[in-house]
1. Name the single residue that is farthest from the other protein chains (Cβ to nearest Cβ) among those in the range A:92-117 being at pLDDT 85 or above and exposed (fewer than 15 other Cβ atoms within 10 Å of the Cβ).
2. Out of all the residues in the range A:1-26, which are over 27 Å from B:P54 (Cβ atoms) and in a helix (DSSP H, G or I)?
3. Restricting to the range B:3-38, give me the number of residues that are away from DNA strand C (no atom under 12 Å from the Cβ), of a type outside the set (D, E, K, R) and within 16 Å of A:R148 (Cβ to Cβ).
4. Of all residues being buried (at least 21 other Cβ atoms within 10 Å of the Cβ) and at pLDDT 95 or above in the range B:188-208, which is farthest from the chain's Cα centre (by Cα)? Just the residue, please.
5. Quick test for you: out of B:R258, B:R197, B:R202, B:R221, pick the one residue that is basic (K, R) and more than 24 Å from B:I132 (Cβ to Cβ).
6. Just wondering, is there one or more residues in the range B:39-47 that are away from every other protein chain (no Cβ under 14 Å), part of a helix (DSSP H, G or I), away from DNA strand C (no atom under 13 Å from the Cβ) and more than 30 Å from B:A327 (Cβ to Cβ)?
7. Give me the residue from the range B:48-79 that is more than 7 Å from chain A (Cβ to nearest Cβ) and among the hydrophobic types (A, V, I, L, M, F, W, C) and, out of that set, nearest to A:A57 (Cα to Cα).
8. Hey, can you tell me all the residues within the range B:63-103 that are assigned to a strand (DSSP E or B) and either within 12 Å of the chain's Cα centre (by Cα) or on the phi > 0 side of the Ramachandran plot (or both)?
Number of protein chains: 2
Amino acid sequence: MSLRRATISDVAREARVSPSTASVVFSGKTPVSDATRRRVLDAAAHLGYTGPDPRAASLRRGRSGIVGVVFEEHLGTAFLDPVKTLMMDGLAEAVAPLGAGLLLLRDQNPTSAVSEPAPSLMTAPLDAAVLIGCSGVLRESLDAVRARHIPVVVIEGDAGEGVPRIELDNREAQRRAAEHVRSLGHTRVATVTLPTRAGWRRGLMSEADERTISVEVTRERLAGVRDIYPDAPAYAAAGSFIDEGLAAGRELFADPRRRPTAVIAQSDLLAAGVVRAAEEAGLRVPVDVSVTGFDGIVVDGLAPYELTTLVQPATEKGRAAGAAVAAMLAEEEADSVRFTCIFREGNTTASVPTL
Amino acid sequence: MSLRRATISDVAREARVSPSTASVVFSGKTPVSDATRRRVLDAAAHLGYTGPDPRAASLRRGRSGIVGVVFEEHLGTAFLDPVKTLMMDGLAEAVAPLGAGLLLLRDQNPTSAVSEPAPSLMTAPLDAAVLIGCSGVLRESLDAVRARHIPVVVIEGDAGEGVPRIELDNREAQRRAAEHVRSLGHTRVATVTLPTRAGWRRGLMSEADERTISVEVTRERLAGVRDIYPDAPAYAAAGSFIDEGLAAGRELFADPRRRPTAVIAQSDLLAAGVVRAAEEAGLRVPVDVSVTGFDGIVVDGLAPYELTTLVQPATEKGRAAGAAVAAMLAEEEADSVRFTCIFREGNTTASVPTL
DNA sequence: TTGTACGCGTTATCAA
DNA sequence: TTGATAACGCGTACAA
């Protein structure tokens, strides 16, 4: 065995062909006679050569086969969100035909005090990047990627002109849920929102709080509720978890005299928590209180309840991002896509109780 | 603007320095006079040069800054498992100082009928690879990676000689839970296991079923129970979900005369489902029935229950894998690590009810 | 502190 | 069907 790994030239020499011929045997881009292919493959096996070095190949081709996925949070946190998980699934599926893989990236440099893009985002051999939830924080990452002229797609965020976006009709969808609740006769309604900004601790929001929501999804969905119920109390959770919904529900159901007859939650997990809080308070769902969610995921352990919710095409969103990436890599125009949620009536909403 | 992107030579020319000087300005490997640095940086800004091309740099240095993480399942499925999620977190944290990112990889080629490694595993510019749950299926991936002489670490799996492993004391830990249950006086005990093989549908296992369990974790933990309760009925779930535990619990609690007074579940999610099933059957936990879990994760929505469980250092496992990768990249010896679970008594176990 | 020269391993192009 | 040639863009001895 030699010290350094065998290269394609070594294989070519051993097989008594030119390096280009050996290369072609592996890439399959040009027909090669069976005899020659045999010789090359045998030589490769003999030398323990397992195919072209990806680093050299990617330099030569100008493609690395790597798509970066940029999160603005801890990976562990990101994957706690079932919607993001499904999106990743769709994305992975959509880039697989390109022979590409997904590189997990965080936006912030964790070791740096000042806000600057993570080094890996600057130094990774990316063919394209997908930014998830482009709020203010991801701005630097976006700029960094664009400066590198890397095609970029943004999911759920505002990216400025020229950047394809994958969006949801958050406001309209949430409004539909509110309309449904109204059509059932509910007038005492509360809403439980997703976090409003980084570092928000849970609690009822003041008007001032509402005006300064920096998370677009939260703002939009709240606006959808406000279209129908301008004055409903809004409780902002600290995250999209059952336990957060539970905490919110406890507070909302605490005072029997101001108890809402319907709660519109901005995620299914929050809604599940609200349902639990209702049970805990001795309220029957949906007889005494109606609850709506958002996302349309399967909430493990919530059976026999089926949330009335807005089903968002989470996997589709990922797939669409992947398709946009594929288009941009093929030098085609990639369009923004706006997905529509589908209202699904479960067994957690009913007419307002008659007193 | 020129057609092709500016290279470091262009910058050097514009700054009237040699390419190597310009290179050094970006890498910082050699001191450069302030004046020169300025000129180079200005020239770079002028030309829109954002730093060395990662593809070329990685060819030259022989490092890509990419660590592959190989799963044997759909990504969406993998991230449904809180333990894997935490592991990813630890892994990401541990490789970040290397300036490395995590490339998500599946082991099987989804488009191929025959079992062969995914193309991305063969063609991705990996510095190292981490295989998760190396059962039989991941064998090909392991061989492929080793043929490429890429350093590899295996989490929860058997990798053969020379491959560092990150393991858990599954059997001993589970035995401790069983011992705890026995010390509480329970004799009518059942266990709920993780899936036994790919494609297993839920149900009680026969002795023959038990002998042919192909998932190591399941086998080991079951062995731990068997050390104490050789004859306890074992129900294998189809996945680690609350709803699976619920289904298992329903079956175990169906017949009041053969009802177990304690259930040992192989994961916290399964245990949570068993707790729900107990409630559903009108049994109080832990008064009428004790339940133990495994993992020590926070089960969202299970409050006020706190499972008696075995806390496994999930994040630590990821970190250890990252450390092993770092060591191997530094040409050091990387040792296998065997982690120990910590028994934690919650409020879901109590003495056997007196009749 | 700066510059020269070379090679990292591959593949696209073109001619034979 | 095969082979010669020339980059791809950079980092790093080594010399100046």
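1. Initially, the range A:92-117 is screened for residues at pLDDT 85 or above, giving A:92-105.
Cutting the leftovers down to exposed (fewer than 15 other Cβ atoms within 10 Å of the Cβ) gives us A:97, A:99.
Details: A:P97: 8, A:G99: 5 Å.
Applying the filter and picking the extreme gives A:P97.
2. Matches in the range A:1-26: A:A12, A:R13, A:E14, A:A15, A:T21, A:V25.
3. The qualifying residues number 2.
4. Here is the first cut: in the range B:188-208, the residues buried (at least 21 other Cβ atoms within 10 Å of the Cβ) are B:189-196.
If we keep only those that are at pLDDT 95 or above too, we end up with B:189-194.
Working: B:V189: 29, B:A190: 27, B:T191: 23, B:V192: 21, B:T193: 18, B:L194: 15 Å.
Of everything passing the filter in the range B:188-208, B:V189 is farthest from the chain's Cα centre (by Cα).
5. B:R258
6. Yes, that holds for at least one residue.
7. Checked the range B:48-79; the qualifying residue nearest to A:A57 (Cα to Cα) is B:A57.
8. Correct list: B:V69, B:V70, B:F71.
The values are calculated or read from the model by the stated rules, or taken from the named source; none is laboratory data. Keep in mind the model is a prediction, meaning the values are calculated, not measured. Neighbour counts run over all protein chains shown; Cβ positions are idealised from the backbone, glycine included.
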